[in-house]
Amino acid sequence: MRERVRIGIFGASGYTGAELLRLLGDHPLAEIRALTAERQAGKPVAEVWPQLAPYGLPDLVRIQDVDVGGLDVVFCALPHATTQAIIRELPRGPKVVDLSADFRLRDPAVYEATYGHPHQALEAQADAVYGLPEHYRDAIAHTWLVANPGCYTTAAELPLVPLLKRGLVQPAGIIIDAKSGVSGAGRDAKQGSLFTEVAEGIHPYGVATHRHTPEIEQCLSDFADAPIRVTFTPHLVPMSRGILATIYVRLAAGTESGDAHQALADAYAGEPFAHVLPFKTLPATRHVRGTNLCLIGVHPSRIPGEAIIVSALDNLVKGASGQAIQNMNIQLGLDERTGLGQRPLFP
(Lines give C-alpha, C1' and ligand atoms only; values in the text may rest on other atoms or scores of the structure.)
Protein backbone atom coordinates (compact mmCIF):
# COMPACT_ATOMS: atom_id res chain seq x y z
CA MET A 1 0.00 0.00 0.00
CA ARG A 2 1.21 3.49 -0.81
CA GLU A 3 2.60 5.65 1.98
CA ARG A 4 0.72 8.70 3.20
CA VAL A 5 0.48 11.64 0.81
CA ARG A 6 1.85 14.84 2.35
CA ILE A 7 -0.36 17.70 1.22
CA GLY A 8 -0.18 21.48 1.33
CA ILE A 9 -3.11 23.75 0.52
CA PHE A 10 -2.21 27.29 -0.55
CA GLY A 11 -5.27 29.44 0.05
CA ALA A 12 -7.02 27.45 2.75
CA SER A 13 -9.21 30.33 3.92
CA GLY A 14 -11.37 30.39 0.77
CA TYR A 15 -14.35 28.24 -0.11
CA THR A 16 -12.39 25.84 -2.31
CA GLY A 17 -9.70 25.52 0.36
CA ALA A 18 -12.29 24.62 2.97
CA GLU A 19 -13.88 22.14 0.58
CA LEU A 20 -10.50 20.51 -0.02
CA LEU A 21 -10.15 20.06 3.72
CA ARG A 22 -13.64 18.60 4.05
CA LEU A 23 -13.12 16.10 1.24
CA LEU A 24 -9.54 15.15 2.10
CA GLY A 25 -10.78 14.19 5.55
CA ASP A 26 -12.25 11.10 3.85
CA HIS A 27 -9.09 10.34 1.85
CA PRO A 28 -7.33 7.40 3.54
CA LEU A 29 -3.85 8.51 2.43
CA ALA A 30 -4.10 12.28 2.86
CA GLU A 31 -1.92 13.90 5.50
CA ILE A 32 -2.40 17.68 5.69
CA ARG A 33 1.02 19.17 6.40
CA ALA A 34 0.64 22.86 5.50
CA LEU A 35 -2.21 25.36 5.19
CA THR A 36 -1.67 28.93 4.04
CA ALA A 37 -3.76 32.09 4.20
CA GLU A 38 -1.85 35.33 3.93
CA ARG A 39 -4.34 37.58 5.77
CA GLN A 40 -5.17 34.88 8.32
CA ALA A 41 -1.62 33.66 8.93
CA GLY A 42 -0.97 32.62 12.51
CA LYS A 43 -4.56 31.68 13.23
CA PRO A 44 -5.81 28.18 13.99
CA VAL A 45 -8.14 26.68 11.41
CA ALA A 46 -10.93 26.64 13.99
CA GLU A 47 -10.95 30.43 14.03
CA VAL A 48 -11.47 30.64 10.28
CA TRP A 49 -13.52 27.47 9.73
CA PRO A 50 -15.25 26.41 12.98
CA GLN A 51 -16.76 23.36 11.24
CA LEU A 52 -13.23 21.96 10.90
CA ALA A 53 -12.22 22.54 14.53
CA PRO A 54 -12.34 18.86 15.66
CA TYR A 55 -9.89 17.52 13.10
CA GLY A 56 -6.43 18.46 14.37
CA LEU A 57 -5.39 20.53 11.35
CA PRO A 58 -2.22 22.65 11.33
CA ASP A 59 -2.42 26.40 11.88
CA LEU A 60 -2.51 28.77 8.93
CA VAL A 61 0.83 30.23 7.79
CA ARG A 62 2.25 32.32 4.97
CA ILE A 63 3.33 30.56 1.79
CA GLN A 64 6.96 31.57 2.28
CA ASP A 65 6.96 29.73 5.61
CA VAL A 66 6.07 26.38 4.04
CA ASP A 67 8.73 23.70 3.49
CA VAL A 68 7.57 22.75 -0.01
CA GLY A 69 10.28 20.10 -0.25
CA GLY A 70 8.48 18.15 2.46
CA LEU A 71 5.26 17.90 0.43
CA ASP A 72 4.09 15.41 -2.17
CA VAL A 73 1.17 17.51 -3.46
CA VAL A 74 0.34 21.20 -3.43
CA PHE A 75 -3.18 22.42 -4.11
CA CYS A 76 -3.23 26.07 -5.15
CA ALA A 77 -6.62 27.50 -4.20
CA LEU A 78 -5.50 31.09 -4.65
CA PRO A 79 -7.16 34.04 -6.42
CA HIS A 80 -6.75 34.17 -10.19
CA ALA A 81 -3.57 35.88 -11.42
CA THR A 82 -1.64 35.17 -8.22
CA THR A 83 -0.67 31.53 -8.71
CA GLN A 84 1.76 32.05 -11.61
CA ALA A 85 4.37 33.91 -9.59
CA ILE A 86 4.19 31.28 -6.84
CA ILE A 87 4.44 28.32 -9.22
CA ARG A 88 7.37 29.99 -10.97
CA GLU A 89 9.33 29.99 -7.72
CA LEU A 90 8.33 26.55 -6.41
CA PRO A 91 11.05 23.92 -6.38
CA ARG A 92 10.25 21.00 -8.65
CA GLY A 93 9.22 17.94 -6.72
CA PRO A 94 5.64 18.05 -5.49
CA LYS A 95 2.73 17.51 -7.81
CA VAL A 96 0.65 20.67 -8.23
CA VAL A 97 -3.07 21.04 -8.88
CA ASP A 98 -3.99 24.66 -9.54
CA LEU A 99 -7.64 25.56 -8.98
CA SER A 100 -7.33 29.06 -10.44
CA ALA A 101 -7.48 29.99 -14.13
CA ASP A 102 -3.77 30.75 -14.32
CA PHE A 103 -2.72 27.70 -16.37
CA ARG A 104 -5.91 26.66 -18.17
CA LEU A 105 -5.38 28.56 -21.43
CA ARG A 106 -2.53 27.12 -23.48
CA ASP A 107 -2.05 30.10 -25.82
CA PRO A 108 -0.34 32.98 -23.98
CA ALA A 109 -1.92 35.50 -26.36
CA VAL A 110 -5.40 34.19 -25.54
CA TYR A 111 -4.57 34.31 -21.85
CA GLU A 112 -3.40 37.92 -22.09
CA ALA A 113 -6.47 38.96 -24.08
CA THR A 114 -8.77 37.23 -21.58
CA TYR A 115 -7.17 38.26 -18.29
CA GLY A 116 -5.63 41.58 -19.27
CA HIS A 117 -1.97 40.90 -18.47
CA PRO A 118 0.88 38.76 -19.85
CA HIS A 119 1.38 35.27 -18.50
CA GLN A 120 4.02 35.25 -15.79
CA ALA A 121 5.13 31.58 -15.89
CA LEU A 122 5.40 30.45 -19.49
CA GLU A 123 7.83 27.63 -18.72
CA ALA A 124 5.38 26.07 -16.29
CA GLN A 125 2.49 26.75 -18.68
CA ALA A 126 4.20 24.55 -21.26
CA ASP A 127 3.99 21.62 -18.80
CA ALA A 128 0.43 22.25 -17.63
CA VAL A 129 -2.30 19.75 -18.55
CA TYR A 130 -5.97 20.66 -18.57
CA GLY A 131 -7.55 18.66 -15.78
CA LEU A 132 -10.84 17.33 -17.12
CA PRO A 133 -10.17 13.71 -16.11
CA GLU A 134 -12.77 12.03 -18.29
CA HIS A 135 -11.03 13.31 -21.44
CA TYR A 136 -7.39 14.12 -20.53
CA ARG A 137 -6.71 11.26 -18.13
CA ASP A 138 -3.52 9.92 -19.75
CA ALA A 139 -1.88 13.35 -19.95
CA ILE A 140 -2.86 14.14 -16.36
CA ALA A 141 -1.12 10.97 -15.19
CA HIS A 142 2.19 12.16 -16.66
CA THR A 143 2.38 15.81 -15.60
CA TRP A 144 3.47 17.59 -12.44
CA LEU A 145 1.08 20.52 -13.03
CA VAL A 146 -2.67 20.17 -13.56
CA ALA A 147 -4.84 23.16 -14.47
CA ASN A 148 -8.09 22.29 -12.75
CA PRO A 149 -11.03 23.33 -14.97
CA GLY A 150 -13.54 25.99 -14.07
CA CYS A 151 -16.94 25.08 -12.68
CA TYR A 152 -19.00 26.43 -15.58
CA THR A 153 -16.61 24.88 -18.06
CA THR A 154 -16.86 21.41 -16.54
CA ALA A 155 -20.66 21.59 -16.70
CA ALA A 156 -20.49 22.55 -20.38
CA GLU A 157 -17.64 20.34 -21.54
CA LEU A 158 -18.72 17.00 -20.15
CA PRO A 159 -22.00 16.94 -22.14
CA LEU A 160 -20.53 18.39 -25.33
CA VAL A 161 -17.15 16.68 -25.80
CA PRO A 162 -18.46 13.19 -26.68
CA LEU A 163 -21.03 14.61 -29.11
CA LEU A 164 -18.49 16.78 -30.92
CA LYS A 165 -15.97 13.95 -30.95
CA ARG A 166 -18.45 11.71 -32.76
CA GLY A 167 -19.74 14.47 -35.02
CA LEU A 168 -23.30 14.19 -33.71
CA VAL A 169 -23.84 17.92 -33.23
CA GLN A 170 -23.10 20.82 -35.50
CA PRO A 171 -20.12 22.88 -34.36
CA ALA A 172 -21.94 26.16 -34.97
CA GLY A 173 -24.82 27.54 -32.94
CA ILE A 174 -24.07 25.96 -29.53
CA ILE A 175 -25.75 27.93 -26.74
CA ILE A 176 -24.84 27.39 -23.08
CA ASP A 177 -27.17 28.99 -20.54
CA ALA A 178 -25.81 28.37 -17.04
CA LYS A 179 -26.80 29.24 -13.48
CA SER A 180 -24.46 29.22 -10.49
CA GLY A 181 -24.68 29.55 -6.73
CA VAL A 182 -23.05 32.51 -5.03
CA SER A 183 -20.07 30.55 -3.67
CA GLY A 184 -18.69 30.58 -7.20
CA ALA A 185 -17.83 34.25 -6.67
CA GLY A 186 -15.47 33.40 -3.81
CA ARG A 187 -15.41 34.43 -0.16
CA ASP A 188 -14.14 38.00 -0.44
CA ALA A 189 -16.69 40.72 0.23
CA LYS A 190 -18.08 42.06 -3.06
CA GLN A 191 -21.13 44.24 -3.64
CA GLY A 192 -22.57 41.78 -6.16
CA SER A 193 -22.42 38.97 -3.60
CA LEU A 194 -24.21 40.80 -0.80
CA PHE A 195 -27.42 39.18 0.45
CA THR A 196 -29.61 42.06 -0.68
CA GLU A 197 -28.03 42.00 -4.16
CA VAL A 198 -28.57 38.25 -4.62
CA ALA A 199 -31.59 37.13 -2.61
CA GLU A 200 -35.03 36.79 -4.21
CA GLY A 201 -33.75 37.27 -7.73
CA ILE A 202 -31.63 36.02 -10.60
CA HIS A 203 -29.48 37.98 -13.00
CA PRO A 204 -27.04 37.40 -15.86
CA TYR A 205 -23.49 38.68 -15.73
CA GLY A 206 -20.40 38.58 -17.91
CA VAL A 207 -22.66 38.53 -20.97
CA ALA A 208 -20.55 37.83 -24.09
CA THR A 209 -17.40 38.52 -22.04
CA HIS A 210 -17.16 35.82 -19.36
CA ARG A 211 -13.62 34.52 -18.92
CA HIS A 212 -14.68 30.88 -18.99
CA THR A 213 -15.73 31.18 -22.65
CA PRO A 214 -12.21 30.82 -24.17
CA GLU A 215 -11.59 27.87 -21.85
CA ILE A 216 -14.76 26.12 -23.04
CA GLU A 217 -13.89 26.80 -26.67
CA GLN A 218 -10.31 25.52 -26.24
CA CYS A 219 -11.49 22.22 -24.76
CA LEU A 220 -14.30 21.66 -27.25
CA SER A 221 -12.00 22.47 -30.17
CA ASP A 222 -9.61 19.73 -28.99
CA PHE A 223 -12.30 17.15 -29.84
CA ALA A 224 -13.99 18.68 -32.89
CA ASP A 225 -13.05 18.83 -36.54
CA ALA A 226 -13.10 22.62 -36.52
CA PRO A 227 -12.52 25.46 -34.07
CA ILE A 228 -15.57 25.85 -31.85
CA ARG A 229 -17.24 29.12 -30.86
CA VAL A 230 -20.07 29.12 -28.35
CA THR A 231 -22.58 31.53 -26.90
CA PHE A 232 -22.21 31.33 -23.14
CA THR A 233 -24.28 33.31 -20.63
CA PRO A 234 -23.87 32.75 -16.87
CA HIS A 235 -26.45 33.74 -14.26
CA LEU A 236 -26.23 34.16 -10.50
CA VAL A 237 -29.01 32.54 -8.48
CA PRO A 238 -29.74 32.82 -4.74
CA MET A 239 -28.28 29.51 -3.55
CA SER A 240 -24.95 28.79 -1.93
CA ARG A 241 -23.68 26.08 -4.28
CA GLY A 242 -24.50 24.27 -7.50
CA ILE A 243 -24.42 24.80 -11.27
CA LEU A 244 -27.11 23.97 -13.77
CA ALA A 245 -26.23 24.30 -17.46
CA THR A 246 -28.89 24.13 -20.17
CA ILE A 247 -27.24 23.57 -23.54
CA TYR A 248 -28.94 23.97 -26.92
CA VAL A 249 -27.41 22.15 -29.89
CA ARG A 250 -28.19 21.58 -33.54
CA LEU A 251 -27.89 17.92 -34.40
CA ALA A 252 -25.91 16.63 -37.34
CA ALA A 253 -27.89 15.43 -40.36
CA GLY A 254 -29.52 12.08 -39.69
CA THR A 255 -29.02 12.33 -35.91
CA GLU A 256 -31.90 12.25 -33.43
CA SER A 257 -31.86 13.41 -29.83
CA GLY A 258 -32.07 9.76 -28.77
CA ASP A 259 -28.83 9.13 -30.66
CA ALA A 260 -27.15 11.93 -28.74
CA HIS A 261 -28.39 10.46 -25.48
CA GLN A 262 -27.08 7.00 -26.35
CA ALA A 263 -23.70 8.42 -27.35
CA LEU A 264 -23.36 10.17 -24.01
CA ALA A 265 -24.49 7.07 -22.11
CA ASP A 266 -21.90 5.00 -23.96
CA ALA A 267 -19.14 7.57 -23.42
CA TYR A 268 -19.65 7.70 -19.66
CA ALA A 269 -20.73 4.13 -18.98
CA GLY A 270 -17.50 3.35 -17.11
CA GLU A 271 -16.93 6.74 -15.51
CA PRO A 272 -17.30 7.12 -11.75
CA PHE A 273 -18.31 10.78 -11.71
CA ALA A 274 -20.09 11.55 -14.99
CA HIS A 275 -23.49 9.88 -15.21
CA VAL A 276 -26.15 10.10 -17.90
CA LEU A 277 -29.77 9.90 -16.75
CA PRO A 278 -32.51 8.03 -18.66
CA PHE A 279 -33.70 9.75 -21.82
CA LYS A 280 -35.89 12.80 -21.08
CA THR A 281 -34.94 12.71 -17.37
CA LEU A 282 -33.28 15.96 -16.30
CA PRO A 283 -31.01 16.66 -13.31
CA ALA A 284 -31.25 19.33 -10.62
CA THR A 285 -28.55 20.87 -8.47
CA ARG A 286 -30.04 19.25 -5.36
CA HIS A 287 -29.28 15.85 -6.96
CA VAL A 288 -25.51 16.44 -6.78
CA ARG A 289 -25.05 18.64 -3.70
CA GLY A 290 -21.84 17.80 -1.84
CA THR A 291 -20.66 15.23 -4.41
CA ASN A 292 -18.13 14.92 -7.22
CA LEU A 293 -20.89 13.90 -9.64
CA CYS A 294 -21.94 15.54 -12.87
CA LEU A 295 -25.40 14.38 -13.93
CA ILE A 296 -26.42 14.81 -17.57
CA GLY A 297 -29.85 14.65 -19.15
CA VAL A 298 -30.95 14.83 -22.79
CA HIS A 299 -34.37 15.98 -23.97
CA PRO A 300 -35.69 16.40 -27.52
CA SER A 301 -36.44 19.94 -28.64
CA ARG A 302 -39.79 20.89 -30.11
CA ILE A 303 -37.77 22.06 -33.13
CA PRO A 304 -36.73 19.18 -35.42
CA GLY A 305 -32.98 18.71 -35.65
CA GLU A 306 -32.24 20.24 -32.26
CA ALA A 307 -31.74 18.85 -28.75
CA ILE A 308 -31.62 20.23 -25.23
CA ILE A 309 -28.96 18.93 -22.82
CA VAL A 310 -28.95 19.73 -19.11
CA SER A 311 -26.05 19.11 -16.74
CA ALA A 312 -25.81 19.65 -12.99
CA LEU A 313 -22.82 19.64 -10.65
CA ASP A 314 -21.71 21.08 -7.33
CA ASN A 315 -19.49 24.02 -8.24
CA LEU A 316 -17.31 23.51 -5.15
CA VAL A 317 -16.80 19.77 -5.70
CA LYS A 318 -16.83 18.51 -9.30
CA GLY A 319 -16.50 22.16 -10.29
CA ALA A 320 -13.43 22.72 -8.11
CA SER A 321 -12.07 20.85 -5.08
CA GLY A 322 -13.46 17.38 -5.75
CA GLN A 323 -12.16 17.41 -9.30
CA ALA A 324 -8.81 18.63 -7.97
CA ILE A 325 -8.60 15.59 -5.69
CA GLN A 326 -9.64 13.36 -8.59
CA ASN A 327 -6.74 14.84 -10.56
CA MET A 328 -4.33 14.32 -7.67
CA ASN A 329 -5.35 10.68 -7.47
CA ILE A 330 -4.62 10.24 -11.19
CA GLN A 331 -1.25 11.97 -10.88
CA LEU A 332 -0.29 9.65 -8.02
CA GLY A 333 -1.53 6.46 -9.71
CA LEU A 334 -4.34 5.99 -7.18
CA ASP A 335 -7.90 4.92 -7.85
CA GLU A 336 -9.39 8.27 -8.79
CA ARG A 337 -12.45 7.58 -6.64
CA THR A 338 -10.35 7.58 -3.47
CA GLY A 339 -11.78 10.02 -0.94
CA LEU A 340 -14.64 11.01 -3.24
CA GLY A 341 -17.36 8.56 -2.31
CA GLN A 342 -19.74 11.14 -0.86
CA ARG A 343 -23.35 10.64 -1.93
CA PRO A 344 -25.69 13.57 -2.60
CA LEU A 345 -27.06 15.49 0.37
CA PHE A 346 -30.77 15.53 -0.52
CA PRO A 347 -33.03 17.36 0.11
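Annotations for the structure displayed:
- For the chain, the longest principal axis of the C-alpha atoms and the axis of helix 15-24 are separated by about 80°.
- Helix-only [θ]222 nm of the chain, DSSP H runs n ≥ 4, -39500 (n - 2.57) each, per residue, nearest 500: -7500 deg cm²/dmol
- Folded to 0 to 90 degrees: helix 151-165 orientation relative to the chain principal axis, Cα: 40
- A simple spin-label model places pseudo-atoms 7 Å from Cα toward Cβ; at Ala208 and Leu122 they are separated by 3.2 nm.
- Fully extending the segment from Arg92 to Asp266 would add 58.7 nm, taking 0.36 nm per residue of separation and subtracting the current Cα-Cα distance.
- At a probe radius of 1.4 angstrom, the accessible area of the stretch 105-157 per residue rounds to 37 square angstrom.
- DSSP assigns beta bridges within the chain; of those with both partners inside it, close to 45 percent run antiparallel.
- Nearby aspartates and glutamates by direct alpha-carbon distance to Lys165 (threshold 12 angstrom, same-chain neighbours under 8 apart not counted): Glu157, Asp222, Asp225
- Taking a straight line from the alpha carbon of Lys318, these lysines sit under 17 Å away, with near neighbours fewer than eight places off in the same chain left out: Lys179.
- In this simple spin-label approximation, Thr231 and His299 carry label points 7 Å from Cα along the Cα→Cβ vector, and these lie 1.9 nm apart.
- Note that the stretch 274-347, at 10 °C in a medium of 1.306 mPa s, gets a Stokes-Einstein diffusion coefficient of 119 µm²/s from its Kirkwood radius over C-alpha pairs.
- Estimated FRET transfer efficiency (Thr281, Arg62; beta-carbon r; R0 41 Å; 0.05): 0.25
- Across the stretch 1-159, the convex hull enclosing all Cα atoms gives 132 Å³ per residue.
- Positive-end residue of Thr36, Ala18, Val5, charge dipole of the stretch 1-48 with Cβ unit charges: Val5
- Fully extending the segment from Arg137 to His80 would add 18.1 nm, taking 0.36 nm per residue of separation and subtracting the current Cα-Cα distance.
- Residues with amide H under 5 Å from that of Leu60, placed H, sequence gap 5 or more: Gly42, Lys43, Val45
- Percent accessible area from carbon and sulfur atoms, the chain, protein chains only, probe 1.4 Å: 52
- Sorted peptide list for 250-257, 174-181, criterion being average Cβ within 10 angstrom, highest first: 174-181, 250-257
- Each 20 Å bin from zero holds the following percent of Cα-Cα pairs in the chain: 31, 59, 9, 0.
- Inter-label distance for Asp177 and Ala113, nm, one decimal - labels placed 7 Å from Cα along Cα-to-Cβ: 2.8
- The loop-placed trypsin sites (Lys or Arg not before Pro) in the stretch 28-108, going by DSSP, that have at most 16 neighbouring Cβ atoms within 10 Å of their Cβ come out as Arg62, Arg92, Arg106.
The values are calculated or read from the model by the stated rules, or taken from the named source; none is laboratory data. Everything quoted here is computed from the prediction, not taken from an experiment. Backbone-built Cβ (ideal geometry, glycine too); neighbour counts: all protein chains shown. Quick note on the areas: whole protein, heavy atoms, side chains included, nothing else; ligands and nucleic acids left out. Shrake-Rupley method; radii C 1.70, N 1.55, O 1.52, S 1.80 Å.
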